[in-house]
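Notes follow once the structure below has been shown.
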Amino acid sequence: MGVLTFMDTENLGERTFLLTWKPEAWPLAELVKYVESFETTGEPLRWSVGNRRNLPVGSRVFLAEQGKGERGVFGSGFTVSETYDAPHYSEVEG
């Protein structure tokens, strides 16, 4: 599975992509801890992009919530790495 790393920067992206989050698959509390870790450490966040491989460094990304109830765009940033293979988030102990 392809994964990319992103964080908020001042650079403009070359391309724009929509990444999605489903609370049913990954609870809000876990997402909040993930974002708080970024805010504390500055370590870029990883996000699954499935089989996509053409997300150039500097691409603009928006995060959108899917599922039942509230939905919509809730975050944005820029990619800071090429995609790379990594275990699916559900296979990683946290």
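When you go through (1) aliphatic (A, V, I, L, M); (2) over 13 Å from the mean Cα position of the chain (by Cα); (3) in a loop (DSSP other than H, G, I, E, B) one by one for A29, which number turns out not to apply?
(3)
For (1) in contact with a helix residue (DSSP H, G or I) (Cβ under 8 Å, 6 or more places away or on another chain); (2) at pLDDT below 85, each residue gets a yes or a no:
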site: M7; (1), (2): yes, yes
site: L12; (1), (2): no, yes
site: E24; (1), (2): no, no
site: V32; (1), (2): no, no
site: S37; (1), (2): no, no
site: P44; (1), (2): yes, yes
site: W47; (1), (2): no, no
site: E70; (1), (2): no, yes
site: V80; (1), (2): no, no
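Scan the stretch 18-42 and report the pairs whose first residue is closer than 24 Å to V80 by Cβ and whose second residue is of a type in the set (D, E), with Cβ atoms within less than 6 Å and a gap of 6+ or a chain change.
Taking only residues 6 or more apart or on different chains, the pairs are W21/E65.
Looking at the stretch 43-90 only, could you name the residues that are touching a residue at least 60 places away in the same chain (Cβ under 8 Å), assigned to a loop (DSSP other than H, G, I, E, B) and within 23 Å of E24 (Cα to Cα)?
If we filter the stretch 43-90 for residues that are touching a residue at least 60 places away in the same chain (Cβ under 8 Å), which is where we start, we get 76-90.
With the extra rule that they be assigned to a loop (DSSP other than H, G, I, E, B), the set shrinks to 80-83, 86-88.
Correct list: A86, P87, H88.
The values are calculated or read from the model by the stated rules, or taken from the named source; none is laboratory data. All of these numbers come straight from a predicted model, not from anything done at the bench. Glycine gets a Cβ as well: all are built from the backbone with ideal geometry, and neighbour counts include every protein chain shown.
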